[in-house]
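Have a look at the structure below before the remarks.
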Amino acid sequence: MRFKNVFLAALLVAALSPAAKAQFTLPALPYPSNALEPAIDKATMELHHGKHHAGYVKNLNEALKGTSMEKQSLAEILSSVSKASVAVRNNAGGHYNHSLFWQIMSPKKTAPSAEFSKAIASTFGSVDKFKANFADSAAKRFGSGWAWLIVQKGKLKITTTANQDNPLMDVVAEHGTPVMGLDVWEHAYYLKYQNKRADYISAWWSVINWPEVEARYKQAMK
Ligand code: MN
């Protein structure tokens, strides 16, 4: 009984504190910040997650304040982002993209299953050809942006977006459900790789969380 009252009091304090009003929160990294070394170094990971992603979350909450989108889910905001401010577009994209990015990487060495390899091969010829195409698209994305593997009308497709846009937004040409995304902003690799984006992309394949990518693919195909 006593425990219950303390618990309820804590809930009340949480509900009344300014922090509780923040609609979106920074998700914790699913692994330690040095876990993806050597592909992604600890310093880059800490800045990328703790400063860049945290900044998108903070700025998104501020940009949503007092707008009609304040109570919407991230998916709802993205699907009608053409009606939102530039700040909401950039920071909602930044929050979604980075949340996905941390999840589709893992320190565990994994590989695409036979079933998923077959699905990839049926579209791109082979898993290796898919990787080559994806890496090429990521390397050619001019300036800051993302490379994506998406499901579009039941089919796998590679696409890229500028800035923090993503394929869920109603403003992009290639609409679809992201199953894999690669951040090619300089903040994602410059500390370790400097201008050598291709080296970063090539190292990135060693930290893909293939079971997570496949789970997202299966969900998108439902
Ligand atoms: Mn980033």
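Just so it is clear, none of the values below were taken in a lab; they were calculated from the coordinates. Bear in mind the structure is a predicted one, so any value in this text is a computation, not a measurement. Quick reminder, even Gly has a Cβ in these numbers, built from the backbone with ideal geometry, and neighbours come from all protein chains shown.
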Review point. Restricting the first residue to region 159-188 and requiring it to be within 13 Å of ALA138 (Cβ to Cβ), which pairs with a second residue that is within 16 Å of the ligand (Cβ to nearest atom) and assigned to a loop (DSSP other than H, G, I, E, B) meet a Cβ separation below 6 Å and a spacing of at least six or different chains?
Key: THR160/ARG141; MET180/ILE104; VAL184/ARG141; TRP185/SER144
Practice item. Exactly one condition in (1) buried (at least 16 other Cβ atoms within 10 Å of the Cβ); (2) at positive phi is not met by GLY154; state its number. Key: (1)
Exercise for review: Filter region 78-107 down to residues that are away from the ligand (no atom under 16 Å from the Cβ) and hydroxyl-bearing (Ser, Thr, Tyr) and give me whichever is surrounded by the most Cβ atoms within 10 Å (Cβ to Cβ).
Suggested key: SER106
Review point. What are the residues in region 40-54 that are part of a loop (DSSP other than H, G, I, E, B), among the aliphatic types (A, V, I, L, M) and surrounded by fewer than 18 Cβ atoms within 10 Å (Cβ to Cβ), if any?
Key: none
Check your understanding: Given the structure, is GLU46 farther than 29 Å from VAL207 by Cα and acidic (Asp, Glu)?
Key -> no
Review point. Looking at TYR190, is it surrounded by fewer than 16 Cβ atoms within 10 Å (Cβ to Cβ) and either away from the ligand (no atom under 16 Å from the Cβ) or over 30 Å from SER82 (Cα atoms) (or both)?
Key: yes
Review point. Restricting attention to region 55-76, which residues are surrounded by fewer than 16 Cβ atoms within 10 Å (Cβ to Cβ) and aliphatic (A, V, I, L, M)?
Key: ALA75
